[in-house]
């Protein structure tokens, strides 16, 4: 059992590293849009990027800063206030850097922050009954199924429509991989067993062509498997099961597609 878990953990680690690189790239694109004065695009892309469950707290704060500067540049103080509220929820002690931010925006930020803090705490303490949204990792069994047949993990967790699409694509890739692997062995054997008067160039070309196709299919399957694992993690996080430290309030939100 341990031998099976280790490859799963390694693959999950690779997927997480890939997703972090993907998010870093998107934040860089956001910065480029901001420097190009594409403020509306920054607001739209920022909102979309913040919905990614793999975005960390530090990543969120970076995105919020670009969005705040863009909203202020567009003179949209209503949107800027909303962004500041989200920043305070993310980190109540956060302050803008005077090196990276205009003094006017810092003044506006501190003014709104003071208003929010004087009104009421945005994040109540545990004694007041805070709603918690704990991170829950995808079960190992689901990850293992998804590695064996990408999409089966979605079906296991009842993401039926996505699961059917993904397993269909995966089945097609696996069929192609098996066929290409068998044909590669046949073409190789035919080339190796060829007699002196045989057309060696044609036999080698046939073998080389199917050999490349096989390698492309295997590489495509590995990339596809990583993407499906990433998507499974993302869909899983849509299932929110908040709990309350005190009281009898409970919420269960499930999104399936």
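The values are calculated or read from the model by the stated rules, or taken from the named source; none is laboratory data. Note that this is a predicted model, so its numbers are computed, not measured. All Cβ positions, glycine included, derive from the backbone under ideal geometry; neighbour counts span all protein chains shown.
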Response to the item:
Filtering region 46-77 for residues that are over 20 Å from the mean Cα position of the chain (by Cα) and buried (at least 20 other Cβ atoms within 10 Å of the Cβ) leaves a count of 8
Worksheet item: residue 155 is checked against (1) within 23 Å of the chain's Cα centre (by Cα); (2) closer than 14 Å to residue 224 by Cα; (3) part of a helix (DSSP H, G or I) and fails just one. What number does that condition carry?
Response: (2)
Discussion item. So for region 93-108 (the condition being part of a helix (DSSP H, G or I) and touching a residue at least 40 places away in the same chain (Cβ under 8 Å)), does at least one residue qualify?
Written reply: no
Worksheet item: Out of region 111-159, which residues are at pLDDT 80 or above, in contact with a helix residue (DSSP H, G or I) (Cβ under 8 Å, 6 or more places away or on another chain) and more than 25 Å from residue 218 (Cα to Cα)?
Response: 112, 113, 116, 157, 159
Worksheet entry | Among residues of region 33-45, those that are surrounded by 11 or more Cβ atoms within 10 Å (Cβ to Cβ) and outside any loop (DSSP other than H, G, I, E, B), counted | 9
